[in-house]
Amino acid sequence: MLHKTPISAAVAAATLTLFTAGCTATGQVQPKATEAPAQVDYTKMKPQELAEYLVFQSGSYDLAQPTQEGTTGKDRLTQDELQKVCSQVARSGKEIDDKTAERINKMAMATIKYPEGGIKLGDWRKGRDIAWSGFGFRTAHNPDDHNRGTPGGNCYNCHQLAADRTGGTIGPSLTGYGKIRGSSPEMLKYAYEVIYNPHAYFACTQMPRSGAKGLLTQQQILDVMAYLFDPASPVNK
Amino acid sequence: MIKKALCALPLALALVSTTSTAKAPEDILDELAAKSKSPYLTQSPQNRMMMPDNPAYDIAAEGEQLFKQKRGPKNASLEQCDFGKGPGVLKGAYVELPRYFSDTGKVMDFESRLVYCMKTLQGYTDNDPQIRQRHGNTDIMKLTTYIAMQSNGMPWNPPMNHPLEKAMRDAGEELFYRRAGPMDFNCATCHTNPSGTRIRASVLPNIKIPEEWTKAISWPAYRVGHEAVRSSQHRVLECLWQMRYPNLKPDSDVNIALISFWTDRARGQPAILPDMKR
């Protein structure tokens with residue numbers, strides 16, 4: 001097990017002996033007067049202020065990068081009100097307070113648009129494909145080409161659904177969803193709303209706003225719902 | 001070939017080796033796993049079994065040659081590169097990065113410092129493939145693997161003496177919790193869940209559990225699924241891709257701030273270098 005690492009260590013040890021003479025005790029070199037002046041002094045900024053500077057002004061991100069929805073990298077990084085509030089909640093490490101939660105719930109509920117024909121379950125087979133797929137909207141070094149595939153819902157990443165595939169555990173298990181809850185109009189409306197914008201019920205949840213952010217179409221949401229509710233769906237077997 | 005040659009070297013060499021190599025990476029992992037009972041640390045017995053024959057060792061051997069070879073327009077080796085503990089000192093340097101460097105007036109992570117040395121000592125520029133090609137079977141990954149290994153088993157200990165080091169770490173913490181993008185993700189979405197939480201079948205590491213976090217940040221690691229050694233900056237980039245964020249430039253301050261914060265959170269825990277990941 002030790003047959004490879006020692007050689008490099010021996011070399012490092014030798015190098016160490018050769019060069020330690022030129023080092024300070026801590027290895028930390030004192031700043032010189034000749035150092036190039038920084039354009040902005042990071043140490044004068046509050047952490048959050050510096051974080052925002054780094055995102056938008058340090059040249060770190062490709063802010064002009066085109067996105068699949070026709071915006072730019074800068075738009076992707078610009079926070080809306082909900083993202084700002086929920087970042088602070090996450091940063092605090094505490095549970096969200098009731099008043100803030102209520103405000104987020106209301107704000108989220110106001111974003112929900114319902115299908116014109118009412119909430120009717122779609123095709124559970126299509127819903128299964130959507131629930132499984134993690135394709136879509138990725139950019140960075142390898143942008144997803146939406147002409148080559150339909151964006152998915154990423155549901156399986158966080159939820160266990162049918163027993164035939166291993167799902168994640170970031171969110172609760174949804175196995176047997178319709179079987180347990182039935183499919184009353186109230187139940188369907190609730191599920192539609194949770195998929196469309198989960199913050200309407202769970203303020204600052206980790207779950208994406210698939211409808212409100214245009215990640216899934218209304219029809220795709222109805223297909224995913226069929227996967228959850230249809231008695232023929234593997235979720236309910 | 002190189003691997004076989006190395007294996008054939010007498011055991012005597014092992015005896016003169018110092019404490020950093022007293023434990024192999026897999027032994028460090030085993031001790032962390034025994035101590036914490038973390039499902040993240042024990043999720044892949046297959047990877048654990050392969051660690052003694054980690055392909056990263058072959059890549060490191062190539063890196064050692066590159067490090068000592070006179071190369072570039074200035075025909076110089078990297079043996080005078082100062083990674084923070086003095087010119088040429090590699091032992092323990094990797095676990096004390098990112099840090100402030102007075103010659104650039106900046107906090108630099110390992111990769112940005114390596115690139116700085118390749119430019120200043122060897123004369124390479126941004127247009128040269130030696131600098132431009134970061135990920136995959138590249139010079140930078142070979143050098144990274146060789147140099148990082150000299151800190152195997154040592155506790156992460158990025159200095160926080162200079163005000164800029166603190167500023168970058170603290171900004172990194174803000175970035176870690178900053179939700180953005182069409183899916184509202186931050187780093188915390190995946191890295192603050194209870195131990196054992198999975199994304200699909202993969203157990204996620206939690207930044208608040210130090211034994212998990214040291215493995216999470218132990219890059220370079222050979223990624224079996226990629227058939228390549230990957231770096232810290234590659235991990236940042238892949239996370240941002242999944243998070244639906246725009247492209248992040250190599251060596252940028254967002255990279256360095258995030259890596260400053262994440263290294264600080266593994267402080268005191270032994271580095272597993274090189275690691276093997278899925």
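Computed from the coordinates by the stated procedures, all read-outs in this text should not be read as laboratory data. This structure is a prediction, so every number in the text was calculated from the model and none was measured. Note that each Cβ is placed from the backbone with ideal geometry, even for glycine, and that neighbours are counted across all protein chains shown.
Each 10 Å bin, from zero up to the one with the longest distance, holds this percent of the alpha carbon pairs of the range A:95-166: 15, 26, 36, 22, 1. Over the protein assembly as shown, the ratio between the Cα radius of gyration and 2.2 N^0.38 Å evaluates to 1.05.
Once you average over the residues of A:169-175, how many Cβ atoms of partner chains fall within 10 Å of each Cβ? Intermediate values should be presented prior to the final figure.
Values: counts 9, 9, 1, 0, 0, 0, 0.
Per residue, the number of nearby Cβ atoms from other chains is 3 on average.
Treating each Cα of the range A:119-237 as an identical point scatterer and summing with the Debye formula, the log10 of I(q)/I(0) at q = 0.11, 0.12 Å⁻¹ comes to -0.34, -0.40. Each peptide in B:128-134, B:247-253 was scored by the mean count of other Cβ atoms within 10 Å over its residues; highest first, the order is B:247-253, B:128-134. Annotation: amide H-H contacts under 5 Å for B:Ala228 (H modelled 1.01 Å from N, sequence separation of 5 or more, or interchain): B:Arg223.
Relative contact order of chain B: 25 percent, from C-alpha pairs under 8 Å at least 6 residues apart in sequence.
Placing unit charges on the Cβ atoms of the charged side chains and taking the dipole of the range B:22-277 about its Cα centre, the candidate lying farthest along the positive direction among B:Leu164, B:Ile28, B:Ser102 is B:Leu164.
For A:Lys84, the lysines whose Cα falls under 22 Å of its own Cα, not counting residues fewer than eight places away in the same chain, are A:Lys46, A:Lys74, A:Lys94, A:Lys99, A:Lys106, A:Lys213.
For the residue pairs B:Lys85/B:Lys106; A:Lys44/B:Lys249; B:Lys166/B:Lys215; B:Lys68/B:Lys249, the alpha carbons lie more than 19 Å apart in A:Lys44/B:Lys249; B:Lys166/B:Lys215; B:Lys68/B:Lys249. Share of pairwise Cα-Cα distances greater than 24 Å in the range B:48-193 is 43 percent (whole percent). Based on the Stokes-Einstein relation at 4 °C and a viscosity of 1.567 mPa s, and on the Kirkwood radius from alpha carbon pairs, the range B:22-277 is assigned a translational diffusion coefficient of 70 µm²/s. Compared with the rule-of-thumb size 2.2 N^0.38 Å for a compact globular protein, the range A:45-179 has a Cα radius of gyration ratio of 1.32.
Each other residue within a Cβ distance under 11 Å of A:Thr169 adds +1 if Lys or Arg and -1 if Asp or Glu, for a net charge of +2.
Peptides A:142-153, B:164-175 ordered by packing proxy, namely the average of other Cβ atoms within 10 Å per residue, highest first: B:164-175, A:142-153.
All other residues with a Cβ under 15 Å from the Cβ of B:Pro250 taken together, and with Lys, Arg as +1 and Asp, Glu as -1, what is their net charge? That sum, taken over residues with Cβ under 15 Å, equals -1. Taking a straight line from the alpha carbon of A:Lys179, these aspartates and glutamates sit under 16 Å away, with near neighbours fewer than eight places off in the same chain left out: A:Asp230.
So what is the 222 nm mean residue ellipticity for chain B from helices alone, if each DSSP H run of at least 4 adds -39500 (n - 2.57) and you divide by all residues, rounding to the nearest 500 deg cm²/dmol? That calculation yields -12000 deg cm²/dmol at 222 nm.
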